[in-house]
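> Submitted below is the structure of interest, expressed as structure tokens.
Each reported figure results from applying straightforward, stated rules to the coordinates on display, with no laboratory input. Predicted model only: the values in this text are computed from it and were never measured. Positions of Cβ are backbone-derived with ideal geometry, glycine not excepted, and every protein chain shown enters the neighbour counts.
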Amino acid sequence: MTDQQHKTSVTVIGLGAMGQALAGAFLRAGHPTTIWNRTPGKGDDLVAAGATRAGTAAEAARASDLVVVCLYDYEVSRAVLGPVAADLAGRVLVNLTSDTPERSREAAAWAAEHGIAYLDGAILVPVTVIGTADALLFHSGPRAVYERHESTLKVLGGNTVYLGEDHGLAAVYDNALLDFFWTSMYGLVHAFALAGADGVKGAELAPYMSALLSIFPAAVESTAVEVDSGEYPGDQAPLVTEAANVDHVIHASVHRGLDVEALNGIKAVLDRAIARGQGADGWTAIIEAIRTPEARAH
Ligand code: NDP
């Protein structure tokens, strides 16, 4: 028996940068792999490596019991999968497209209507990390379906995590981590712009950014404890002091003609928290003001 004969056949629909990485990982692990993409001409390397190119999405869906989809968003995934629902019936569909929990749950309801076993997923790493032990991917949906295909899905990443039966969970975790990532990455670039306005090169500031990052693991842990307990001790750094610090950064940025919309948003949340009487609490206390944006009107 060749390696491919006892490995699950997989179809990959969507050959953007990520879809190609996924198909490549399945192929390297010896899974017979069928590929399809709206625009022809993508995936020649995959075909050269042994993938079968389907002529239509319907043909791709029928080629394997396990169909993995990775498209631009759920609107596109609906447009591609809707017309092939009958071809997917009785198969397992794993949607690794990123979007919102609501759209994942809608997709799950649609799949249930059509007799398709459905897992929702999210990919948390860039294409170059796919197929390695470090690649983090989330899955949610029926546990039995996940467990049936766990070993095949783990080909995409050693750090593949099943989160639970609610199909929206993968997107919940994905959105939360992206929230942290994008706001942090915005701050990173803004900081370079701020120092750069006074002639400081990126490379001159970078070592100190890295030093600052070393406090993050402990901050993540303690913030999680505070969020879960609802207690925000501020004895070492109360919100009133932090608000003054944020104000300094805003004033320096304005003085240098930089955009301060995001910083003003942070300051507005801090001001609302202080107005609620939380000035002596610690930074995590802003979660109350984040949870009640309607308080803005008051
Ligand atoms: P790309 O933009 O490279 O690919 C998008 C895919 O969607 C292509 O297959 C494209 O087909 C298809 N598509 C777009 N519009 C339509 C349409 N109207 N009808 C049919 N097909 C359509 O995106 P990626 O591959 O990078 O990303 C795919 C998903 O993976 C996204 O949800 C992304 O957030 C997620 N992801 C990506 C990461 C990355 O590093 N790239 C990291 C983590 C998650 P066509 O070639 O015909 O345009």
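> Full-extension gain between ALA275 and ASP228, please, as 0.36 nm times their residue separation minus the C-alpha to C-alpha distance.
14.6 nm is the gain from fully extending ALA275 to ASP228.
> Within a 10 angstrom radius of the beta carbon, how do LEU22, LEU136, LEU239 rank from fewest other beta carbons to most?
LEU136, LEU239, LEU22
> Let me ask something else. Counting only Cα, what are the radius of gyration and maximum Cα-Cα distance Dmax of the stretch 96-249, in Å?
That works out to 20.3, 62 Å for Rg and Dmax.
> Once each part is reduced to its C-alpha centroid, what is the distance from the stretch 21-36 to the stretch 204-240 in angstrom?
The stretch 21-36 and the stretch 204-240 have Cα centres spaced 41 Å from each other.
> What percent of all Cα-Cα pairs in the stretch 73-123 falls in each 5 Å bin, counting up from 0?
5, 22, 36, 27, 9, 1
> Return the long-range amide H neighbours of GLY164 (sequence gap of 5 or more, or a different chain), with a cut-off of under 5 Å between placed amide H atoms.
Placed amide hydrogens put GLY141 under 5 Å from GLY164.
> Run the quick spin-label model on ASN159 and TRP110: label points 7 Å from Cα toward the beta carbon, then report their separation in nm to one decimal.
Between ASN159 and TRP110, the simple spin-label model gives 3.1 nm.
> If you keep only loop residues by DSSP, which GluC sites (Glu not before Pro) in the stretch 201-298 have at most 14 other Cβ atoms within 10 Å of their Cβ?
Sites meeting the loop and neighbour criteria: GLU231.
> With r as the distance between the Cβ atoms of ALA133 and ASP235 and R0 = 35 Å, compute the FRET efficiency 1/(1 + (r/R0)^6) and round to 0.05.
Efficiency, rounded to the nearest 0.05: 0.25.
> Starting from the alpha-carbon convex hull of the stretch 201-297, give the projected area averaged over all orientations, in nm².
Over all viewing directions, the stretch 201-297 projects a mean Cα-hull area of 7.5 nm².
> If you put +1 on each Lys and Arg Cβ and -1 on each Asp and Glu Cβ, how big is the dipole of the stretch 201-297 around its Cα centre, in Debye rounded to 20?
360
> Something else about it: For LEU213 and ARG38 in the same chain, what is the full-extension length gain: residue separation times 0.36 nm, less their Cα-Cα distance, in nm? Present the calculation step by step, with values, prior to reporting the outcome.
Numbers: separation 175, 0.36 × 175 = 63.00 nm, distance 4.16 nm.
Going from the current span to full extension adds 58.8 nm.
> Starting from the coordinates of the alpha-carbon atoms of the chain, obtain the Kirkwood hydrodynamic radius over all distinct pairs and give the value in Å to one decimal.
On the way: mean 1/r = 0.0455 Å⁻¹.
Taking the inverse mean of 1/r over all distinct Cα pairs, the chain comes out at 22.0 Å.
> About the Cα centre, and with charges only on the beta carbon of Lys, Arg (+1) and Asp, Glu (-1), how big is the dipole of the chain? Nearest 20 debye, please.
About 920 debye.
> May I pose another question? According to a simple spin-label model (label point 7 Å from Cα along Cα-to-Cβ), what is the distance in nm between ALA197 and ARG78?
Roughly 4.3 nm, to one decimal.
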